[in-house]
1. Restricting attention to segment 10-58, and to residues there that are at pLDDT 95 or above and open to solvent by 90 Å² or more (accessible area, probe 1.4 Å), which single residue is farthest from Asp69 (Cα to Cα)?
2. Residue by residue through segment 79-112, note down the ones that are exposed (fewer than 12 other Cβ atoms within 10 Å of the Cβ) and under 20 Å from Arg62 (Cβ atoms).
Amino acid sequence: MAAESSVDEELWDEFHRVVNMTSRELEDWLRTRSAEPDEETLPDQAGTPTGRHVLAILRKRRVDLDDDDVRVMRKVVDRIHAQRRDDLEPTAGQTNWRHRLMTLGHDPLKPA
């Protein structure tokens, strides 16, 4: 079992604010994004490594997070803020931009 990490409340809250997709929505998106015309990726292998890690974090309780989870949470928050305004108002954009953000668990067309 991984060592427990201390996740500060600010990071916990901000991660769950910017990751506005539910675990089910993210799981479905990762599977859809990974589907090929001739084959489909196994569910636990669908999506990018970061997307799968975000999904795993969404399924954990705060006390169960480890240092690697905290690192990914900071990375995801930073990447979403770098591509969005701080208010995270629903915004349409290019399809590839939206899909990249959705792979991180953030749908820019959905209220945060």
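1. Within segment 10-58, the match that is farthest from Asp69 (Cα to Cα) is Arg24.
2. Residues satisfying the conditions do not exist here.
The values are calculated or read from the model by the stated rules, or taken from the named source; none is laboratory data. These numbers were taken from a predicted model, which means no experiment stands behind them. In this analysis, Cβ positions are derived from the backbone assuming ideal geometry, glycine residues included, and neighbour counts consider all displayed protein chains. With ligands, DNA and RNA removed, areas are computed over all heavy atoms of the protein, side chains included. Shrake-Rupley method; radii C 1.70, N 1.55, O 1.52, S 1.80 Å.
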